[in-house]
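Chemist: If you scroll down you'll find the structure; I have some questions about it.
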Amino acid sequence: MKSYSERTGREPDFRVSYRKLPTQQGLFQHIRSNVSWAGCSDQSQQWSIWPEFETSERVPLPDGTEAQEEGTATMWVLYDDTAYRADLRQWIRIGQEGFFMAGPEKFAQFTIIELLGIEAAVQPACSAL
């Protein structure tokens with residue numbers, strides 16, 4: 001599989017630093033996980049945002065490769081819909097914490113460290129840490 005950038009022809013939406021939690025769920029490139037936000041009053045609410053794990057040089061890992069226990073990943077909002085993004089934008093900010101989800105199970109924790117692509121254009125005052 002190609003990188004999401006090659007497949008979609010656009011940039012990712014933001015970058016996170018992540019840490020795997022002690023669960024059975026593995027971390028591998030192009031996993032189809034959802035996102036839950038820390039601080040959200042409705043913990044059952046999940047968003048379709050997929051991670052693309054990176055090397056320390058910020059190059060996407062090859063498809064199916066196991067990701068490190070900690071590292072960085074670019075994040076890709078799946079639905080490029082105006083209303084969906086408007087609802088989601090309340091959460092997309094530097095320092096916001098969240099979780100990679102496999103159904104109801106949290107298997108990694110992350111923090112947004114950089115806004116990219118569309119999100120950087122919409123929120124230009126924010127910069128990378």
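Chemist: Expected output is a single nm value to one decimal: the length gained when fully extending between residue 40 and residue 70, i.e. 0.36 nm times separation in residues minus the C-alpha distance. What is it?
Modeler: Values: separation 30, 0.36 × 30 = 10.80 nm, distance 2.36 nm.
Here the answer is 8.4 nm.
Chemist: Show me, for segment 96-113, the HN-Hα J-couplings you get by feeding each phi into the Karplus relation (A = 6.51, B = -1.76, C = 1.60, θ = phi - 60°), rounded to Hz, glycine and proline as x.
Modeler: Karplus values, whole Hz, x for Gly and Pro: 5, 9, x, 9, 7, 10, 10, x, x, 8, 7, 10, 7, 10, 9, 10, 6, 10.
Chemist: What ranking of 75, 101 emerges when the number of other C-beta atoms within 10 Å of each C-beta is taken as an exposure proxy, fewest first?
Modeler: Details: 75 25, 101 18.
Going from least to most buried by this count: 101, 75.
Chemist: A follow-up question, please. Quick one: longest stretch of the chain between exposed loop trypsin sites (Lys or Arg not before Pro), exposed meaning at most 16 other C-beta atoms within 10 Å and loop per DSSP? Can you show the working numbers first?
Modeler: Working: sites that count: 2, 10, 32, 58, 89, 93.
Formally, the longest exposed-site-free interval is 94-129.
Chemist: Check which residues have an amide H placed less than 5 Å from residue 114's amide H, if you skip close sequence neighbours.
Modeler: 15
Chemist: Using only alpha carbon pairs under 8 Å that are at least six residues apart, calculate the relative contact order of segment 45-91 and give it in whole percent. Walk me through the numbers on the way to the answer.
Modeler: Values: 44 pairs, mean separation 19.3, N = 47.
Relative contact order comes out at 41 percent.
Chemist: Still on this structure: Per residue, how big is the convex hull of the chain when only Cα atoms are used? Give it in Å³.
Modeler: So the per-residue Cα hull volume is 107 Å³.
Chemist: Can you work out ³J(HN,Hα) from phi for every residue in segment 49-58, in order, using Karplus 6.51 cos²θ - 1.76 cosθ + 1.60 and θ = phi - 60°, giving whole Hz and x for Gly and Pro?
Modeler: Those phi angles translate into 9, 9, x, 10, 5, 10, 6, 5, 8, 6 Hz.
Chemist: Quick check for me: using +1 on Lys/Arg Cβ and -1 on Asp/Glu Cβ, what's the dipole size of segment 4-122 about its Cα centre, in debye to the nearest 20?
Modeler: Details: 11 positive and 18 negative charges, 37 e Å.
Dipole size: approximately 180 debye.
Chemist: Evaluate the relative contact order of the chain (contact order divided by residue number), counting alpha-carbon pairs under 8 angstrom at least 6 apart; express in whole percent. Show your work: numbers first, answer last.
Modeler: Working: 263 pairs, mean separation 43.8, N = 129.
34 percent.
Chemist: Taking the Cβ-Cβ separation of residue 55 and residue 6 as r and a Förster radius of 22 Å, what is the calculated FRET efficiency to the nearest 0.05? Please list the in-between numbers first.
Modeler: Details: r = 16 Å, r/R0 = 0.74.
The calculated FRET efficiency here is 0.85.
Chemist: Two decimals is fine: what is log10 I(q)/I(0) at q = 0.14, 0.18, 0.24 Å⁻¹ for segment 1-71, from a Debye sum with one equal scatterer on every Cα and no solvent?
Modeler: For segment 1-71 at q = 0.14, 0.18, 0.24 Å⁻¹, log10 I(q)/I(0) is -0.49, -0.79, -1.29.
Chemist: Restricting to DSSP loop positions (anything but H, G, I, E, B) with no more than 16 other Cβ atoms inside 10 Å of their own Cβ, which chymotrypsin sites (Phe, Trp or Tyr not before Pro) remain in segment 54-129?
Modeler: Details: sites: 76, 79, 84, 91, 99, 100, 107, 110; in loops: 79, 91.
In loop regions of segment 54-129 (DSSP not H, G, I, E or B), the sparsely surrounded chymotrypsin sites (Phe, Trp or Tyr not before Pro) are 79.
Chemist: Could I ask something else about it? For residue 90 and residue 21, calculate 0.36 nm times their separation in residues minus their Cα-Cα distance, and state this gained length in nm to one decimal. Please report the intermediate quantities before stating the final value.
Modeler: Values: separation 69, 0.36 × 69 = 24.84 nm, distance 2.51 nm.
Gain on extension, residue 90 to residue 21, equals 22.3 nm.
Chemist: May I ask you to evaluate 6.51 cos²θ - 1.76 cosθ + 1.60, the Karplus curve with θ = phi - 60°, for each residue of segment 73-84 and list the ³J(HN,Hα) values in order in whole Hz, giving x for glycine and proline?
Modeler: Once θ is set to phi - 60°, the couplings for segment 73-84 become 8, 7, 10, 10, 6, 6, 9, 8, 10, 4, 5, 4 Hz.
Read-outs: derived from the displayed coordinates by stated rules, not from any lab. As the structure is a computational prediction, the values presented were derived from the model and not from experiment. Glycine also receives a Cβ, built like all others from the backbone with ideal geometry; neighbour counts cover every protein chain displayed.
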